[in-house]
Amino acid sequence: MFPLPDLLGLEFKTIQAMVKIYCKAFHNTDNVIGKECTECRDFLIYANEKLDRCPYGQAKPTCNNCPIHCYKPQQREQARRIMRYAGPRMLLKHPILAIRHLRAEKRAVPSNIPEHASNRHKRKHRIDIKQQ
Ligand SMILES: [Zn+2]
């Protein structure tokens, strides 16, 4: 999986936490860190790649508010199932991540898609995002 800094990293951490809650409840996995089932692991790899490629980069709106629907139908449905179950449970299990996400939902969606802003682009061109 690709390393995702800052806001993208936080978003990935949130997804990981939700997948863990969901996987434990429905796939009977042990609550060992990083031990999701194969299906959930594949989903996380997919989500990680989508975040890496998100054209908004660090200005990314939350997926819920995003005008681009970049997930394929199958993964989209999977995401919906995971969020529906784990979303409300996040407040109890990971209140800080949950609150930060709720706050992010209120951020304005950028009016246009920035150029060369994706994490993937920066990674490939070795642009240090800390310098910006
Ligand atoms: Zn699972």
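The values are calculated or read from the model by the stated rules, or taken from the named source; none is laboratory data. Just so we're clear, the structure is a prediction, and the values are computed from it rather than from any experiment. Backbone-built Cβ (ideal geometry, glycine too); neighbour counts: all protein chains shown.
Here region 62-82 is the region considered, the condition is being hydrophobic (A, V, I, L, M, F, W, C) and under 13 Å from A47 (Cα atoms), and the residue that is surrounded by the fewest Cβ atoms within 10 Å (Cβ to Cβ) is C70. Of everything in region 26-56 that's more than 9 Å from the ligand (Cβ to nearest atom) and at pLDDT below 95, which residue is surrounded by the most Cβ atoms within 10 Å (Cβ to Cβ)? Applying the filter and picking the extreme gives K35.
A single member of Y22, Y85 is aromatic (F, W, Y), surrounded by fewer than 19 Cβ atoms within 10 Å (Cβ to Cβ) and within 16 Å of the ligand (Cβ to nearest atom), and it is Y85.
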